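Okay, structure first, notes after.
The values are calculated or read from the model by the stated rules, or taken from the named source; none is laboratory data. Computed from a predicted model, the values in this text were never measured in an experiment. Cβ placement follows ideal geometry from the backbone for every residue including glycine, while neighbour counts extend to all protein chains displayed.
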Amino acid sequence: MNESTLKEDILNILRILSSGAAFTQRDLSTHLGFSLGKTNYLLKELAKKGLVKIKNFSHKDHKLKRISYNLTPEGWKQKTELTLHFLKRKQEEY
């Protein structure tokens, strides 16, 4: 995987998470066309870098835990930078 592809994958995840909608890892992987393992790996790496905050929550004790993925302020900044990089690259291609 080259760096441009990785940046584009990260941008796509950040873009979806910034929508505020609740997504499971399976939803994200299906929407992005990634394997579940790749989605899991990328989300964990984004969390390690401080771009995504992963929160466990559950409304009832009898249900499985739900996980929420939210962009941190640093994540929003990174999303903006990656968007600008992507637009410049596409403009050069054009």
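Some notes on this structure:
- Leading residue by the ranking (surrounded by the most Cβ atoms within 10 Å (Cβ to Cβ)) among those in region 1-33 that are among the hydroxyl-bearing types (Ser, Thr, Tyr) and in a helix (DSSP H, G or I): Ser29
- Filter pass, Gly20 being of a type in the set (Gly, Ala, Ser), at pLDDT 90 or above and more than 11 Å from the chain's Cα centre (by Cα): no
- Figure legend. Inter-residue proximity from region 34-45: first residues without any contact (Cβ under 8 Å) to a residue 60 or more places away in the chain, second residues surrounded by 15 or more Cβ atoms within 10 Å (Cβ to Cβ) and charged (D, E, K, R), beta-carbon distance below 7 Å, spacing 6+ or different chains. Indicated pairs: Leu42/Asp9.
- Residues satisfying the criterion are absent from region 50-72 (criterion: at pLDDT 85 or above and part of a helix (DSSP H, G or I)).
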